[in-house]
Amino acid sequence: MTNVLGFIGGFVLDTVARVGVVTRSFFKLLGRMPGALKRPALISEQIHFIGNYSLLIIAVSGMFVGMVLGLQFYYNLTEFGAEGKLGQLVGLSLLRELGPVVTALLFAGRAGTSLTAEIGLMKAGEQLTAMEMMAVNPLQRVLAPRLMAGMVAMPVLAIVFSAIGVAGGYLVGVQLLGLDEGAFWSQMQANIDVRRDILNGVIKSFVFGMAVTFTALFQGYEAQPTPEGVSRATTRTVVIASLMVLGLDFIMTALMFNK
């Protein structure tokens with residue numbers, strides 16, 4: 001019994017200490033962001049690296065997700081004679097939930113792993129140590145521009161995902177299954193609110209972008225400077241970032257759409 005209590009106590013203490021380290025690192029990185037604004041070229045370069053290179057998988061995934069939603073919703077709505085609501089359901093599903101969440105998960109797998117591997121290899125190659133020796137803060141020079149780029153790129157990618165997903169739902173519902181085009185767009189226009197649906201989805205994607213990017217940077221910065229350490233940090237990035245996105249999605253959905 002004593003061993004069990006000791007194990008539980010040690011686990012709790014280690015967890016609290018780990019959370020403290022992560023929280024301290026997060027606010028320390030946020031404090032370096034104003035200094036990173038002095039070098040906008042670094043931020044734009046990272047936006048291109050993070051956002052543009054993730055655009056293809058986001059666009060293709062958005063198209064197929066929208067097509068699947070259009071197909072599934074149409075067959076279910078026809079049972080109740082409400083197939084005219086297809087546009088509304090596809091739009092709400094993408095803007096409120098699937099757009100931000102699926103984009104964040106894809107972002108974690110594509111851009112998050114790249115960031116972790118990049119920072120981990122810089123640490124293994126002692127490039128970060130060399131910066132410190134030259135009185136260059138790696139948090140401000142390397143990590144902060146990437147965090148800001150992730151916070152900017154993620155909402156844009158989520159909007160692209162949702163827009164292409166709506167187009168996919170339109171292709172299936174209107175062009176393939178013969179739904180009235182006016183009913184599709186009019187129901188979407190009448191029942192989707194800019195503040196409640198679109199703005200809340202953008203806020204979600206902004207928070208997801210911050211969480212996923214910081215997780216990737218932290219795992220890379222704290223990785224063991226060995227090939228095995230970098231590979232394990234990359235794996236941890238995908239797992240932790242995915243769980244964070246799903247947990248944050250539940251919390252934010254409960255706060256945003258509780259009425």
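Numerical summary
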read-out	value
Cα-based helix-to-principal-axis angle, 181-191 vs the chain, degrees rounded to 10	60 degrees
0 to 90° range, to nearest 10: angle between helix 144-170 axis and the chain longest Cα axis	20 degrees
Under 14 Å from the Cα of Lys85 - aspartates and glutamates, other chains or at least 8 residues apart	Asp180, Glu181
Estimated FRET transfer efficiency when R0 is 45 angstrom, pair Ala82-Val16 (beta carbons, to 0.05)	0.30
Value of relative contact order over the chain, rounded to a whole percent, pairs C-alpha under 8 Å and six or more apart	32 percent
Gap separating the Cα centres of the stretch 149-194 and the stretch 113-146, nearest whole Å	39 Å
Principal-axis tilt of helix 2-31 within the chain, Cα atoms, nearest 10 degrees	80 degrees
Highest average packing first - 100-111, 26-37, Cβ atoms within 10 Å	100-111, 26-37
Translational diffusion coefficient (Stokes-Einstein; Kirkwood radius from C-alpha pairs) of the chain at 4 °C, 1.567 mPa s, in µm²/s	65 µm²/s
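Each value in this text was obtained by applying a stated rule to the coordinates, not by laboratory testing. Keep in mind that what you see is a predicted model, and the values were worked out from it rather than measured. With ideal geometry, Cβ positions are generated from the backbone for all residues, glycine too; neighbour counts draw on all protein chains shown.
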